[in-house]
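Note sheet for the following structure.
Just so you know, all these numbers are worked out from the coordinates, no wet-lab data involved. Bear in mind that the values here come from a model prediction, so they are computed numbers and not experimental data. Glycine gets a Cβ as well: all are built from the backbone with ideal geometry, and neighbour counts include every protein chain shown.
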């Protein structure tokens, strides 16, 4: 009887550990995943207008990489080419069709963005000084976290982060204008061998460089 009780308790504890909530998944993600690469698909849906029966949406895709702290790279390949690179100091946006580069100080634009949740340092408490973080109910085979910026003067309304078996799977982003952007990650490779050089960006010759 005692042995059965002990065995049952052990199984229950193991089950609880295996089904951690989204907040616990985020904490482990920050501590255990220092870099990653993956593919992604992004669907952006605009608010439905009064004369529309269906909301308008656009789909794009490409590749994503990050290296802690505060380095990441989005390479959009479809339907148009665009590169977004954060090197730790500067956020670069390169529009291939326009041959135009926009460079901004990273510290000024990334404080309370979805990128800060992914590629920041390893301290969950530091994120808690920027976002209100709370676990959300599990759905679609994922554990979820909700993050709301504590500063209400930006465009970001909320980010829902989905983890599947502890691996980052979805970012569901809502802005204050009602636009929704859902990024789904594929072929995730955690702790990929990446170096800071991968996140250095040099504007192409002849490109128009704008520094707002």
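Annotations
- Global size of region 84-208: 16.1, 50 Å for Rg and Dmax (C-alpha atoms, Rg to one decimal, Dmax whole).
- Legend: P(r) of region 136-212 from all alpha carbon pair distances, 5 Å bins from 0, whole percents, reading 3, 12, 15, 14, 13, 17, 16, 6, 3, 1, 0.
- Potential lengthening between residue 207 and residue 43 on full extension [0.36 nm per residue; Cα-Cα distance subtracted]: 56.2 nm
- Percentage relative contact order, the chain, counting C-alpha pairs under 8 Å, at least six apart: 24 percent
- With both residues required to sit in the chain, DSSP beta bridges show an antiparallel share near 95%.
- Between the helical axis of 2-18 and the longest alpha-carbon principal axis of the chain there is an angle of about 10 degrees.
- Paramagnetic reach from residue 126 (point 7 Å along Cα→Cβ, amide N under 13 Å) across region 28-47: 30-31
- Segment residue 58-residue 148, extension gain: residue separation times 0.36 nm, minus the distance between their alpha carbons: 30.0 nm
- Simple spin-label estimate for residue 93 and residue 31 in nanometres, 7 Å along Cα-Cβ: 3.6 nm
- Across region 28-67, Cα-Cα pairs farther apart than 17 Å form 56% of the total.
- Helix 22-32 vs. the chain, principal-axis angle (Cα, 0 to 90°, nearest 10): 70 degrees
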